[in-house]
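J.: Here it is: the structure, laid out below.
The values are calculated or read from the model by the stated rules, or taken from the named source; none is laboratory data. Computed from a predicted model, the values in this text were never measured in an experiment. Note that we place each Cβ from the backbone using ideal geometry, even for glycine, and neighbour counts take in every protein chain shown.
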């Protein structure tokens with residue numbers, strides 16, 4: 001990549017919250033615009049430029065057959081593809097439908113089900129095309145986004161740590177809510193990046209940054225059972241915003257009757 | 001200033017300080033320019049935080065510790081230091097969790113700027129024997145000496161400006177095993193002042209010239225033989241009350257001859273690979289260094305941050321992952337801590353504080369793991385590892 005970076009931000013099935021993290025960069029967004037060309041970002045501007053793009057950020061899960069087609073086109077038009085947020089990276093909250101009868105939902109909710117063209121499963125971008133980097137979180141963290149942008153502008157591989165939230169808690173000096181209070185904190189199996197936001201306020205982590213790189217959800221589930229959670233509670237704890245992520249999926253599956 | 005003098009420590013009993021006079025110690029330290037930190041109750045645990053008056057210290061709290069569990073309970077008495085310890089040792093005051101080592105500016109020309117820590121003398125009240133032992137182990141990692149050709153200037157600067165008010169433990173937590181590691185519960189060296197808590201007073205002694213100078217400013221009363229005996233007995237009782245002990249006999253051969261022991265798979269079924277054990281450990285020193293560039297590309301900072309041998313990044317070397325499974329990472333930690341450390345630094349990496357046991361979310365006890373490896377094969381019993389709920 002030489003010259004100014006051409007950046008695109010695309011949206012699929014999502015709430016737009018991660019794109020808003022982009023927009024909320026405010027002053028930094030102007031700095032970014034001075035060093036890169038933001039060629040396609042419909043949440044920010046109706047003026048869009050066609051590809052090819054140096055970097056495409058993709059928000060949202062693949063949820064319709066049109067999505068399936070569009071994500072391939074975006075991949076073909078992008079040198080680097082980076083997912084942003086739980087939906088694009090793990091299928092999102094809407095992946096809860098993956099465990100249910102999709103057609104039954106459509107029949108029950110919509111007056112004219114035949115108008116609805118949604119896939120039976122909500123899936124992450126990586127199930128369909130090659131993904132170069134993933135920014136986790138619901139929503140993504142601005143400091144992480146900024147770091148990735150700075151790294152890309154410096155032409156180095158973006159650094160996205162994959163370790164547990166616990167490391168962040170211990171560095172910051174937050175007392176462990178699991179050990180000191182018996183709260184069912186998902187921090188030990190969850191990826192860092194949020195700045196340990198919930199434990200900082202003495203709340204248990206609910207895993208919105210998805211699984212850490214190589215944690216042990218089965219063992220944490222056993223610990224939650226010892227802390228008094230029912231099998232069903234353990235399933236619900238893991239099967240939430242990032243429930244379709246393989247490590248959380250397996251961890252929940254183990255306790256399903 | 002530090003109690004790092006060669007040979008025997010300058011242990012002396014200077015006298016008695018009434019409990020209600022402890023504030024004089026704090027004010028004396030503050031008047032001498034120290035930032036004073038001490039134990040504070042926060043979020044259900046004892047942590048180190050700024051202290052400006054003695055009445056901010058937690059009164060009558062004890063910690064009840066067991067594998068994977070920590071609770072503060074009211075003891076009903078007015079004692080200040082029966083809590084034993086919390087998750088933090090002295091590590092964060094010397095080896096910072098995160099700091100910028102240098103910055104680079106690019107404005108026509110590229111300029112490097114060194115970042116040295118601000119020199120502000122720090123006094124820590126409430127350090128325990130295990131914490132002092134931890135500092136002495138980390139000194140071998142970060143200071144120039146037999147094990148090191150260079151001193152880390154960040155660590156060394158803070159070390160030179162640290163004043164330690166130690167407390168000899170008169171109570172042990174259930175996870176403590178310092179007596180078996182020969183590091184406590186009596187603080188032997190490395191402190192400036194040491195206190196032993198008696199019924200309504202502290203038996204006070206200095207361990208350094210700086211400590212003696214501070215004691216000279218305190219309203220001490222003479223200590224009698226009875227109080228000195230009483231203090232010694234209370235410390236001995238704390239040692240005797242410890243139920244855990246780590247058998248370190250022949251531990252290097254034991255661990256290195258058992259690198260494929262089935263117990264590593266067993267512990268990997270319980271280990272979360274979260275890294276808590278390493279970050280609460282007073283001696284773990286693993287860290288990473290990365291460069292953080294500004295968005296405008298005009299400057300970047302070279303940051304050092306606590307890392308852990310439980311992260312994949314830590315085991316990623318020259319394009320290959322050398323510790324891909326949890327069993328590899330737990331084995332790396334335990335064999336380094338208890339065995340390879342001895343070759344590397346001439347001392348065990350374990351000081352017996354038991355924090356890794358208490359603060360492990362699933363309550364893994366390294367003593368149990370070592371014992372299981374020590375146990376003859378015929379006597380082994382596998383831990384249950386399947387979700388009980390599946391029955």
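J.: Restricting to region A:216-240, count the residues that are in contact with a helix residue (DSSP H, G or I) (Cβ under 9 Å, 6 or more places away or on another chain) and not in a helix (DSSP H, G or I).
T.: 6
J.: Still on this model: Considering each of B:142, B:163, B:177 in turn, give the residue that is more than 14 Å from chain A (Cβ to nearest Cβ) and out of contact with any strand residue (DSSP E or B) (no Cβ under 9 Å at 6 or more places or on another chain).
T.: B:177
J.: Quick one: which strands (runs of 3 or more DSSP E) sit completely within region B:198-313 and have at least 3 residues that are more than 14 Å from every other protein chain (Cβ to nearest Cβ) and under 26 Å from the mean Cα position of the chain (by Cα)?
T.: Counting at least 3 such residues, we get B:201-206.
J.: Looking only at region B:209-229, count how many residues are more than 28 Å from residue B:162 (Cα to Cα) and either crowded, with 16+ Cβ neighbours inside 10 Å or outside the structural domain of residue B:31 (by TED's automatic domain parsing) (or both).
T.: Result for region B:209-229: 1.
J.: For region A:234-246, does any single residue satisfy the condition of being modelled with pLDDT of 95 or more, within 11 Å of another protein chain (Cβ to nearest Cβ) and over 30 Å from residue A:33 (Cα atoms)? Let's see the steps before the verdict.
T.: Narrowing region A:234-246 to residues modelled with pLDDT of 95 or more: A:234-246.
Now restrict to residues that are within 11 Å of another protein chain (Cβ to nearest Cβ): A:234-235.
So of that shortlist, the ones also over 30 Å from residue A:33 (Cα atoms) come out as A:234-235.
Yes: region A:234-246 contains one or more residues that are modelled with pLDDT of 95 or more, within 11 Å of another protein chain (Cβ to nearest Cβ) and over 30 Å from residue A:33 (Cα atoms).
J.: Can you name every residue in region B:314-347 that is modelled with pLDDT of 95 or more and assigned to a loop (DSSP other than H, G, I, E, B)?
T.: Matches in region B:314-347: B:322, B:323, B:324, B:325, B:346, B:347.
J.: Can I ask one more? Quick one: is residue A:150 surrounded by fewer than 24 Cβ atoms within 10 Å (Cβ to Cβ) and either free of Cβ contacts under 8 Å to residues at least 12 places away in the same chain or away from every other protein chain (no Cβ under 11 Å) (or both)?
T.: So residue A:150 does not fit the description; no.
J.: Let me ask something else. Test each condition in (1) within 14 Å of chain B (Cβ to nearest Cβ); (2) within 13 Å of residue A:145 (Cα to Cα); (3) in contact (Cβ under 8 Å) with a residue 40 or more places away in the chain for residue A:35 and report the one that comes out false.
T.: All conditions are met except number (2).
J.: Any idea which of A:221, A:187 is modelled with pLDDT of 95 or more and under 17 Å from the mean Cα position of the chain (by Cα)?
T.: Result: A:187 is the single residue among A:221, A:187 that is modelled with pLDDT of 95 or more and under 17 Å from the mean Cα position of the chain (by Cα).
J.: Hey, among A:134, A:104, which residue is free of Cβ contacts under 8 Å to residues at least 24 places away in the same chain and either over 10 Å from the mean Cα position of the chain (by Cα) or surrounded by 15 or more Cβ atoms within 10 Å (Cβ to Cβ) (or both)?
T.: Values: A:134 fails: free of Cβ contacts under 8 Å to residues at least 24 places away in the same chain.
That would be A:104, the only listed residue that is free of Cβ contacts under 8 Å to residues at least 24 places away in the same chain and either over 10 Å from the mean Cα position of the chain (by Cα) or surrounded by 15 or more Cβ atoms within 10 Å (Cβ to Cβ) (or both).
J.: So which residues in region A:173-222 are closer than 17 Å to residue A:238 by Cβ, more than 8 Å from chain B (Cβ to nearest Cβ) and crowded, with 22+ Cβ neighbours inside 10 Å?
T.: Of everything in region A:173-222, those that are closer than 17 Å to residue A:238 by Cβ, more than 8 Å from chain B (Cβ to nearest Cβ) and crowded, with 22+ Cβ neighbours inside 10 Å turn out to be A:186, A:190, A:191, A:198, A:205, A:207, A:208, A:209, A:210, A:211, A:217.
J.: When the residues of region B:45-66 are narrowed to those that are within 19 Å of the chain's Cα centre (by Cα) and more than 20 Å from residue B:185 (Cα to Cα), which ends up surrounded by the fewest Cβ atoms within 10 Å (Cβ to Cβ)?
T.: That would be B:50.
J.: Tell me the strands (runs of 3 or more DSSP E) entirely within region A:1-110 that contain at least 2 residues that are under 22 Å from residue A:192 (Cα atoms) and in contact with a helix residue (DSSP H, G or I) (Cβ under 9 Å, 6 or more places away or on another chain). First the steps, then the outcome.
T.: On the way: elements: A:5-11, A:36-41, A:53-59, A:62-64, A:78-84.
The strands (runs of 3 or more DSSP E) meeting that bar are A:53-59, A:78-84.
J.: Additional query: Considering each residue of region A:241-257, count those that are part of a loop (DSSP other than H, G, I, E, B) and buried (at least 18 other Cβ atoms within 10 Å of the Cβ), and give that number.
T.: Of the residues in region A:241-257, 7 are part of a loop (DSSP other than H, G, I, E, B) and buried (at least 18 other Cβ atoms within 10 Å of the Cβ).
J.: With the requirement that a residue be under 18 Å from residue B:238 (Cα atoms) and facing chain A (nearest Cβ under 10 Å), what does region B:67-96 give you?
T.: B:86
J.: Next question. Determine if region B:299-312 includes at least one residue that is surrounded by fewer than 19 Cβ atoms within 10 Å (Cβ to Cβ), touching a strand residue (DSSP E or B) at 6+ places or on another chain (Cβ under 8 Å) and closer than 21 Å to residue B:270 by Cα.
T.: Checked against the condition, which is being surrounded by fewer than 19 Cβ atoms within 10 Å (Cβ to Cβ), touching a strand residue (DSSP E or B) at 6+ places or on another chain (Cβ under 8 Å) and closer than 21 Å to residue B:270 by Cα, region B:299-312 yields at least one hit.
J.: From the list B:356, B:350, B:360, pick out the single residue that is farther than 29 Å from residue B:149 by Cβ, away from chain A (no Cβ under 11 Å) and either in contact (Cβ under 8 Å) with a residue 60 or more places away in the chain or not in a strand (DSSP E or B) (or both).
T.: B:356
J.: Looking only at region B:53-63, decide whether some residue is touching a helix residue (DSSP H, G or I) at 6+ places or on another chain (Cβ under 8 Å), within 13 Å of another protein chain (Cβ to nearest Cβ) and closer than 24 Å to residue B:201 by Cβ.
T.: Among the residues of region B:53-63, not one is touching a helix residue (DSSP H, G or I) at 6+ places or on another chain (Cβ under 8 Å), within 13 Å of another protein chain (Cβ to nearest Cβ) and closer than 24 Å to residue B:201 by Cβ, which makes the answer no.
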